[in-house]
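The values are calculated or read from the model by the stated rules, or taken from the named source; none is laboratory data. Keep in mind that what you see is a predicted model, and the values were worked out from it rather than measured. Every residue, glycine as well, gets a Cβ built from its backbone with ideal geometry; the counts of neighbours run over all protein chains shown.
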Amino acid sequence: MGFKVKVLKYLSAGIGRLFFSIFFIFAAVKKVTSWSEVKHQIQAMLTTWGHHSPAGVLAWFVELVGNYITFFLVIAIIIEFLGALMILIGYKPRIGAAILFIFLAPVTVFMHPFWLYAPSLGEVQFVMFFKNLTIIGALFFIMAYDNGYFGKKHCCDDEIQDEDESDSFQSNHHEFHSPFREEEGPFQSGHSPFSEDN
C-alpha cells in the first residue's frame, strides 16, 4: 500500500470515528448539563407508556424505571461516553459498538414509540426512531469490520491482511492432493498381468 493511500485511509477512519462518536459524547454531556430536563422527558414517556399499556401490562416497567430514573441516567451516561470513547480512539471498537447497541436498542423503542401517537403528532418520533435505527446499523458495521488501531490487524492496514491471505492460500495449495493424481500401480511398474512372461 502506498504511503499516501495509507495516510488517506487513516485520516478518513479518524474523521469517521470522530463524527460518529461525537454524537454519543455530546448526548452524554447533555444528560449531565440538562439533568432535570432529561428526567422530565423520561417521566413524560413513562406517563405515555402507562396510558397506552393495555390493562396495565407495563405497569411494573413504568414503576421500575420511575423509581430508579437517577440510576438509569447514570448508567446511560457511562455507557454512552465509554462506548463512544472506545470507537473514537480505536481501542476495541467492536466491544464499544456492542455496548452502545445494548444501550441504544431499548432506548429507541422506549423514547420514540411513534406508533403510540396520532400521525400528526408522531412524525418527530418517527424520524427520531429511524435515525436511531440508522445509527444501530452503523454499529453493526463497526462490530463486523472494525478491528481498531491496536493489535496485529488494524482497520487501515491491508498489507498484513493481504499477507495472511497469501500465506493461507499457499499453505492450502501445498496441502492439496488431487484425487486424480497418478499413483504407482500394477500397470505403471512395467509388469502387466497379461504379459507373455506370465
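Test I102 against the stated conditions and say whether it is crowded, with 21+ Cβ neighbours inside 10 Å and either of a type in the set (V, I, T) or in contact with a His (Cβ under 6 Å, 6 or more places away or on another chain) (or both). Please lay out each step first, then the result.
Details: crowded, with 21+ Cβ neighbours inside 10 Å: no; either of a type in the set (V, I, T) or in contact with a His (Cβ under 6 Å, 6 or more places away or on another chain) (or both): yes.
Answer is no for this residue.
Inspect region 65-75 for any residue being out of contact with any strand residue (DSSP E or B) (no Cβ under 9 Å at 6 or more places or on another chain), surrounded by fewer than 13 Cβ atoms within 10 Å (Cβ to Cβ), of a type in the set (S, T, Y) and free of Cβ contacts under 8 Å to residues at least 24 places away in the same chain and give the result as yes or no.
yes
Of all residues in region 1-28, which are touching a residue at least 24 places away in the same chain (Cβ under 8 Å), farther than 11 Å from L88 by Cα and not aromatic (F, W, Y)?
M1, K6, K9, A27, A28
Inspect region 136-152 for any residue being under 29 Å from K30 (Cβ atoms), at pLDDT 95 or above, among the aromatic types (F, W, Y) and buried (at least 17 other Cβ atoms within 10 Å of the Cβ) and give the result as yes or no.
No, region 136-152 contains no residue that is under 29 Å from K30 (Cβ atoms), at pLDDT 95 or above, among the aromatic types (F, W, Y) and buried (at least 17 other Cβ atoms within 10 Å of the Cβ).
Can you give me the number of residues within region 18-46 that are surrounded by 12 or more Cβ atoms within 10 Å (Cβ to Cβ) and more than 19 Å from I77 (Cα to Cα)?
Looking only at that region, the number is 1.
Tell me which helices (runs of 4 or more DSSP H) are completely within region 19-127 and hold 3 or more residues being over 18 Å from G137 (Cα atoms), of a type outside the set (D, E, K, R) and modelled with pLDDT under 90, or say none if there are none. Working first, answer last.
On the way: elements: 35-52, 59-67, 69-89, 93-111.
Counting at least 3 such residues, we get 35-52, 59-67.
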